[in-house]
Amino acid sequence: MVGVTAEFVRDAAATAAVFGFFGSCWFGWAQERPPRGWRTPLTVAAVVALLTAAGGALLTWRHWSDGTALGPSSGVTFGIIVAVEVAAAGLGSWLLVRRRRADLISAWIALVVGVHFYPLAPLLHYPLLYVVATVVTLAALASPYVARSRGIEVSAVTGAVTGTVLLAAAVLSLATALW
């Protein structure tokens with residue numbers, strides 16, 4: 001199954017750890033002011049995401065000496081992509097605060113996160129990242145409109161959808177690493 005999603009077991013396991021952790025963070029952000037009835041499912045999803053992250057971290061540790069798509073040059077490229085992502089997320093958030101549109105920060109950060117997966121997918125030899133990139137990017141673009149039409153917080157929509165996408169990809173990555 002590794003060939004379907006990730007070239008290396010270690011990379012699938014590490015993806016499960018990272019996506020599980022950040023999925024939990026997004027479920028937490030969705031709890032800023034969620035609609036009635038969302039809090040319990042968001043909490044359960046956050047816990048499941050953390051358990052998935054723990055499983056991915058354990059498998060990453062167990063397979064640390066196995067192969068990985070990241071080599072010396074691709075590791076530098078990975079670092080540059082992540083640095084640009086963090087800078088864009090920070091700068092955009094600062095600009096949104098200055099324009100008194102802090103309500104859009106979750107959507108902006110999700111957009112940056114989604115877009116940054118496009119160059120990571122070929123770098124990590126992990127086609128699943130294209131799917132994650134596309135769904136998170138579309139969710140980020142749609143969430144302000146969906147939130148407004150339903151009278152709920154943008155962070156609730158963005159966090160719930162982004163968390164769900166990351167959790168699903170984490171679970172798939174963990175299953176890939178196990179089999």
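At-a-glance table
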item	result
Which listed residue is under 12 Å from the mean Cα position of the chain (by Cα), surrounded by fewer than 23 Cβ atoms within 10 Å (Cβ to Cβ) and among the β-branched types (Val, Ile, Thr), from Val135, Val146	Val135
Subset of the range 1-51 that is out of contact with any Leu (no Cβ under 8 Å at 6 or more places or on another chain) and of a type in the set (Phe, Trp, Tyr) - its residue that is modelled with the lowest pLDDT	Phe8
Positions within the range 73-130 being under 19 Å from Ala170 (Cβ atoms), hydrophobic (A, V, I, L, M, F, W, C) and loosely packed, with under 15 Cβ neighbours inside 10 Å, in sequence order	Val82
So Leu104, is it of a type in the set (A, V, I, L, M, F, W, C), at negative phi and either touching a Gly at 6+ places or on another chain (Cβ under 6 Å) or assigned to a helix (DSSP H, G or I) (or both)	yes
Subset of the range 115-139 [farther than 20 Å from Val76 by Cα, assigned to a helix (DSSP H, G or I) and not aromatic (Phe, Trp, Tyr)]	Leu128, Val131, Val132, Ala133, Thr134, Val135, Val136, Thr137, Leu138, Ala139
Pairs where the first residue, in the range 80-96, is modelled with pLDDT of 95 or more and in a helix (DSSP H, G or I) and the second is surrounded by fewer than 16 Cβ atoms within 10 Å (Cβ to Cβ) and of a type outside the set (Lys, Arg), C-beta under 7 Å, 6+ apart	Leu96/Ala102
Selected residue (criterion: nearest to Ala54 (Cα to Cα)) from residues of the range 120-179 that are free of Cβ contacts under 8 Å to residues at least 60 places away in the same chain and hydroxyl-bearing (Ser, Thr, Tyr)	Tyr130
Unmet requirement for Ser73, which otherwise passes all of (1) at pLDDT below 95; (2) closer than 20 Å to Ala147 by Cβ	(2)
Members of the range 52-70 found to be assigned to a helix (DSSP H, G or I) and either surrounded by 13 or more Cβ atoms within 10 Å (Cβ to Cβ) or modelled with pLDDT of 95 or more (or both), listed by number	Thr52, Ala53, Ala54, Gly55, Gly56, Ala57, Leu58, Leu59, Thr60, Arg62
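The values are calculated or read from the model by the stated rules, or taken from the named source; none is laboratory data. Being a predicted model, the structure only gives us computed values, none of them experimental. No Cβ is skipped: glycine too gets one built from the backbone with ideal geometry, and neighbour counts run over all protein chains shown.
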